[in-house]
1. What is the calculated FRET efficiency for MET129 to SER59, with r their C-beta to C-beta distance and R₀ = 25 Å, to the nearest 0.05?
2. Let me test this: with uniform point scatterers at the alpha carbons of segment 91-172, what is the Debye-based log₁₀ I(q)/I(0) at q = 0.17, 0.19, 0.26 1/Å?
3. Taking a label point 7 Å from the Cα of MET1 along the Cα→Cβ vector, which residues of segment 17-52 have an amide N closer than 13 Å to it?
4. So for each of 21-31, 69-79 I average, over its residues, the number of other beta carbons within 10 Å; can you give me the resulting order with the highest mean first?
5. Using a 1.4 angstrom probe with every protein chain in place, what is the largest-first accessible-area order of GLU18, GLU116?
6. Check cross-link reach from LYS91 to the lysines: straight Cα distance under 25 Å, and skip same-chain residues fewer than eight apart.
7. Mind listing which chymotrypsin sites (Phe, Trp or Tyr not before Pro) in segment 102-141 are in a DSSP loop and have 10 or fewer other Cβ atoms within 10 Å?
8. Rounded to the nearest 10 Å², what accessible area does ILE108 show when all protein chains are kept and the probe is 1.4 Å?
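The values are calculated or read from the model by the stated rules, or taken from the named source; none is laboratory data. Please read all numbers here as calculations on a predicted model, not as lab measurements. Cβ coordinates were reconstructed from backbone atoms using ideal geometry, including for glycine residues, and neighbour counts include every protein chain displayed. Ligands, DNA and RNA are stripped out before the accessible areas are found, and what is left, the full protein with its side chains, is counted by its heavy atoms. Shrake-Rupley method; radii C 1.70, N 1.55, O 1.52, S 1.80 Å.
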Amino acid sequence: MGKIVFYKDKNFQGRNYECSSDSSDLSSYFSRCNSIKVESGCWVLYERPSYAGYQYVLSPGEYPDHQHWMGFSDSIRSCRFVRNVYGKSWKIRFYDKQGFGGQAAEWIEDCPSIYEAFKFREFRSCVVMDGAWVLYEQPDYHGHQYFLERGEYPSYTDWGATSPAAGSFRKITEF
């Protein structure tokens, strides 16, 4: 099992809360989160309770303020530990139409620029056949993040996006 420590203030100051399991509502432990230490494992953090809102995928390391995890605010209200149930292979297929229609693009490696690799600027559905992935709204792993695990996503709203914009994606390899 992994371990993550949330701190109220920047630079690991103030009240802190250690977590080693999924938590659907962190609001009773802290009102704001301005720094994080991921001691082990990979975690998905959410800005709202019940695993909703903006997502942030963090691997082991230190994040002295919310900008270091590309956070848009100091609000973290739920978290999930990413378990390695995927093995050591990765495969993802994106479609330019909802419901797995239109042109498809299949990939097994990190992709810093979806447009350069596929000439797409948007993905409207996808199937994760192997592994776990992070999809970013902008190229070079920037912008809103979306955690994708094995399964089917008939619409971009199924992975939590409000728009089909897609700029880059990468494999999650650290568990």
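1. Values: r = 22 Å, r/R0 = 0.90.
In this case the efficiency is close to 0.65.
2. Reported log10 I(q)/I(0), two decimals: -0.53, -0.68, -1.47.
3. It comes to 18-23, nothing else.
4. Values: 21-31: 14.3, 69-79: 18.9.
In decreasing order of mean packing, 21-31, 69-79 become 69-79, 21-31.
5. Values: GLU18 105, GLU116 140 Å².
Ranked from most to least accessible, the order is GLU116, GLU18.
6. Output for LYS91: LYS119, LYS171.
7. Numbers: sites: TRP107, TYR115, PHE118, PHE120, PHE123, TRP133, TYR136, TYR141; in loops: PHE120, PHE123, TYR141.
Listed in order of number, the matching sites amount to none.
8. 90 Å²
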